[in-house]
Amino acid sequence: MNDKYEKQMKKGVLDMLVLKLLCKEQKYGYQIIQELREKSEDTFQLRDGTLYPILYRLEDDGLILGEWSEPEGRQVSRKYYRITEKGTEALTEIDAVWKKIAKGITMIMEEEK
């Protein structure tokens with residue numbers, strides 16, 4: 001039963017985390033997957049099939065922009081994603097909502113019995 005609740009809770013924060021990772025520099029999909037895993041100490045282990053629909057939705061919403069790189073030598077072309085100004089504004093709003101929700105959860109869960 002634990003997996004069910006964990007998946008539901010994680011699903012709600014993935015957009016925010018992807019936007020946060022793109023704040024400092026552009027990244028390609030596999031790089032985002034690796035950073036999510038590493039920075040969360042394996043809490044977020046996404047597959048391509050989970051990440052790419054998120055990236056496409058964020059791109060459709062104008063929150064990120066994807067651009068293909070020019071292959072150099074034997075490198076293959078990669079699609080790099082970067083956050084847009086609209087995405088930065090959205091991240092600020094999402095972060096405020098997240099903090100409010102987290103505070104409310106903490107107040108209820110830590111309430112004396």
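The values are calculated or read from the model by the stated rules, or taken from the named source; none is laboratory data. Since the model is a prediction, treat every value here as computed from it, not as a measurement. Backbone-built Cβ (ideal geometry, glycine too); neighbour counts: all protein chains shown.
Could you say whether any residue in the range 44-58 is over 30 Å from Tyr5 (Cβ atoms), out of contact with any helix residue (DSSP H, G or I) (no Cβ under 9 Å at 6 or more places or on another chain) and not acidic (Asp, Glu)? No. Would you say Asp95 is surrounded by 11 or more Cβ atoms within 10 Å (Cβ to Cβ) and in contact (Cβ under 8 Å) with a residue 40 or more places away in the chain? Spelling it out, Asp95 is indeed surrounded by 11 or more Cβ atoms within 10 Å (Cβ to Cβ) and in contact (Cβ under 8 Å) with a residue 40 or more places away in the chain.
Would the range 74-88 turn up any residue that is β-branched (Val, Ile, Thr), surrounded by 10 or more Cβ atoms within 10 Å (Cβ to Cβ), under 15 Å from the mean Cα position of the chain (by Cα) and not in a loop (DSSP other than H, G, I, E, B)? Yes - at least one qualifying residue is present in the range 74-88. Residue count for the range 53-73 satisfying the condition of being at pLDDT 95 or above, surrounded by 12 or more Cβ atoms within 10 Å (Cβ to Cβ) and not β-branched (Val, Ile, Thr): 10. Restricting Leu51, Leu55, Leu36, Leu65 to those that are in contact (Cβ under 8 Å) with a residue 12 or more places away in the chain, closer than 18 Å to Lys11 by Cβ and either in a loop (DSSP other than H, G, I, E, B) or in contact with a strand residue (DSSP E or B) (Cβ under 9 Å, 6 or more places away or on another chain) (or both) reduces the list to Leu55. With respect to Lys10, determine if the residue is among the basic types (Lys, Arg) and touching a residue at least 12 places away in the same chain (Cβ under 8 Å). Considered against the rule, which asks whether it is among the basic types (Lys, Arg) and touching a residue at least 12 places away in the same chain (Cβ under 8 Å), Lys10 comes out as yes.
If you go through the range 21-33 and keep only what is surrounded by 15 or more Cβ atoms within 10 Å (Cβ to Cβ) and free of Cβ contacts under 8 Å to residues at least 60 places away in the same chain, you end up with Leu21, Gln26, Lys27, Tyr28, Gly29, Gln31, Ile32, Ile33. Loosely packed, with under 15 Cβ neighbours inside 10 Å, in contact (Cβ under 8 Å) with a residue 12 or more places away in the chain and either acidic (Asp, Glu) or closer than 16 Å to Lys11 by Cα (or both), is that true of Asp42? No.
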